[in-house]
Amino acid sequence: MLLTVDVQPHPRGVPLLRVLGDVDLATAPVFQQAVREQVARRHKFVVDMDGVDFLSSAGLAVLVDLREQMAENNLKWAVVAGRQTVTRPLEITGLLTILPIFDTVPAAMDAIAV
């Protein structure tokens, strides 16, 4: 399956990156490019991964890199991961405890609004 990453405006004024499809070795560069474009804007944002059907180590690496970039720029961000296809790899690798993961878009928006 292909990967689609769309940036959508949210009523709260925070960009929402919707990720749909498989994040694997072949598609991770698409995900990484979309993330880098958002980081370059120097604004907080939410990554909605509820449309992800498969998350490989390449996709996990993008999230780890994003964590570092956001920390370096002192920017808030959050990931929406309500599906086991995303939460399971995060749990197995220990990333579930170090990334800002939330079950829903509203919860993620609330977390970065502060």
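The values are calculated or read from the model by the stated rules, or taken from the named source; none is laboratory data. Note that the coordinates shown come from a computational prediction; the quantities given were computed from them, not determined experimentally. Because the Cβ atoms are built from the backbone with ideal geometry, glycine has one as well, and the counts that use them run over all protein chains shown.
Among the numbered conditions (1) under 20 Å from residue 4 (Cβ atoms); (2) at pLDDT 95 or above, tell me where residue 38 comes up short. Just one mismatch for residue 38, condition (2).
Taking (1) within 12 Å of the chain's Cα centre (by Cα); (2) over 17 Å from residue 16 (Cβ atoms); (3) crowded, with 17+ Cβ neighbours inside 10 Å in turn, residue 63 satisfies each apart from (2).
Looking only at the stretch 15-30, residues that are more than 9 Å from residue 48 (Cβ to Cβ), hydrophobic (A, V, I, L, M, F, W, C) and touching a His at 6+ places or on another chain (Cβ under 8 Å) come to 0 in all.
Restricting the first member to the stretch 8-26 and to residues that are over 14 Å from residue 112 (Cα atoms), and the second to residues that are of a type in the set (A, V, I, L, M) and part of a loop (DSSP other than H, G, I, E, B), the beta-carbon pairs closer than 8 Å and six or more apart or on different chains are 21/1; 21/2; 22/1; 22/2.
Annotation: residue 113 fulfils all but one of (1) free of Cβ contacts under 8 Å to residues at least 60 places away in the same chain; (2) over 14 Å from the mean Cα position of the chain (by Cα); the unmet one is (1). Among the residues making up the stretch 69-106, those that are within 20 Å of residue 20 (Cβ to Cβ) and part of a helix (DSSP H, G or I) are 84, 85, 86, 87, 88, 89, 90, 105, 106.
Just give me the residues in the stretch 1-42 being among the hydroxyl-bearing types (Ser, Thr, Tyr) and either touching a helix residue (DSSP H, G or I) at 6+ places or on another chain (Cβ under 7 Å) or surrounded by fewer than 17 Cβ atoms within 10 Å (Cβ to Cβ) (or both), in sequence order.
4
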